[in-house]
Amino acid sequence: MSASVDPYARLVAEARGRPFAAIVGWPVDHSRSPALHGFWLKQHRIDGHYGRLPVEPKRPALEELVAFLRRTPNARGCNLTLPHKIEIMPLLDRIDSGARRIGAVNTVVKQPDGSLEGRNTDGFGFLEALKYGAPAWRAATGPVVVLGAGGAARAIVAALVDAGVPELRLLNRTQKTAIDLGVAFTPGDERRIVVDRWDDRARALSGAALLVNTTSLGMKGQPPLDLDLSHLPRGAAVYDIVYVPLETGLLAAARARGNRCIDGLGMLLHQGRPGFEAWFGTKVTVSVAQRRAVAADLGV
Ligand code: ATR
């Protein structure tokens, strides 16, 4: 399709008057969200549409998006990906408490009165995928090690703290970011998040019940995560939120020594559920068939 086609006009034409949502980003071509929501639309025979909307990272472009969602009767909302998750916030009518705490919005839901509410479903997606991937894991079992302190880590740390994890060891290459995150998420109880040095990451695994990689290390095109797992108990679960490839070097090494492994695809699929349910009014679950369809779409 020619680059001169107005993406809003194209989305409206694709929707053909049906309720619709879209993934909004810049760029947005690589997003797998249309595959995962498209699967549910088809599975439940819902007469709706989920498209893509490229929106430039400029305030007027985001204002145009918000105005479009408000004035288009069949627009139900959108998902947001890089680089809009933070910049969209002041333009929405309401930010729910979870998204405000995380400081980012990945889902916008149009309310019956036409106003726009921002939510963040990443923490939900993270915990749901953990529940299915490691059914025996309980927050109270023991310390959790989280590698990374970026956008994804903020949602994950909030979810783990809320789930009741007794001790969360947070390690990031830039230690200051980890300290700031720890202070922000456990006010009055700073001891629950222990910030260790990145160089001490192998030792931090001692006695852990769960290890989570939220960094981009191990992702296709990125360097591998260099981590010696010898201190990690074999009963610990290992969760890598990277999903390209599905089996990262970390997961391959953990699997080889007997740890239960959770890849990043489950989180991607589960984080889509609350948005879908709000836009299209149908409860959805993540199935093996959907996982297979989205994995094929990803080429993994
Ligand atoms: P996301 O939204 O996916 O979390 P992000 O906010 O850019 O992405 O965060 C990327 C994370 O990967 C950060 O924790 C980053 O560490 P820094 O805060 O030090 O940048 C981490 N990361 C990226 N490249 C890394 C590398 N080569 N070594 C260690 N950590 C790295």
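The values are calculated or read from the model by the stated rules, or taken from the named source; none is laboratory data. Fair warning: this is a prediction, and the values are worked out from it, not measured in the lab. All Cβ positions, even for glycine, are placed from backbone atoms using ideal geometry, and neighbour counts span all protein chains on display. What goes into the accessible areas is simple: the full protein's heavy atoms, side chains included, and nothing from ligands, DNA or RNA. Shrake-Rupley method; radii C 1.70, N 1.55, O 1.52, S 1.80 Å.
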- Note on the structure: Averaged per residue, the 1.4 Å probe accessible area of the chain, protein heavy atoms only, in Å², is roughly 46 Å²
- Task: Quick one: divide the alpha-carbon radius of gyration of region 1-137 by 2.2 N^0.38 Å and tell me what you get.
- Result: 1.08
- Task: Quote the charge dipole size of the chain about the Cα centre in Debye, to the nearest 20; the model charges only the Cβ of Lys and Arg (+1) and of Asp and Glu (-1).
- Result: 540 debye
- Task: For region 139-237, give the percent of accessible area contributed by carbon and sulfur heavy atoms, probe 1.4 Å, rounded to a whole number.
- Result: 50 percent
- Query: Cα gyration tensor of region 102-179, axes a ≥ b ≥ c as square roots of the eigenvalues: rounded (a/c below 1.5), prolate (a/b > b/c) or oblate?
  - Reply: oblate
- From largest to smallest, what semi-axes in whole angstrom does the chain give when each is the square root of 5 times an eigenvalue of its alpha carbon gyration tensor? 34, 21, 17
- Message: For q values of 0.09, 0.14 Å⁻¹, compute log₁₀ I(q)/I(0) with the Debye formula on a Cα-only model of region 123-263, without solvent.
- Response: -0.22, -0.56
- Message: Leaving out ligands, DNA and RNA, and with a 1.4 Å probe, what % of the accessible surface on region 11-97 is carbon or sulfur?
- Response: 53 percent
- Task: Please state the charge dipole magnitude for region 123-263, taken about the Cα centre, from unit charges on C-beta atoms (+1 on K and R, -1 on D and E), reported in debye and rounded to the nearest 20.
- Result: 200 debye
- Query: What list of ³J(HN,Hα) values in whole Hz, one per residue of region 148-163 in order, does the Karplus curve 6.51 cos²θ - 1.76 cosθ + 1.60 (θ = phi - 60°) give from phi, with Gly and Pro shown as x?
  - Reply: x, 9, x, x, 5, 4, 4, 5, 6, 5, 4, 5, 5, 5, 5, 6
- Show which lysines lie in cross-link reach of Lys283 when reach means a straight Cα distance below 28 angstrom and same-chain residues fewer than eight apart are skipped. Lys42, Lys85, Lys110, Lys131
- Message: Can you give me the solvent accessible area of Glu247 with a 1.4 Å probe, rounded to the nearest 10 Å²?
- Response: 80 Å²
- Estimated FRET transfer efficiency (Ala136, Arg203; beta-carbon r; R0 22 Å; 0.05): 0.30
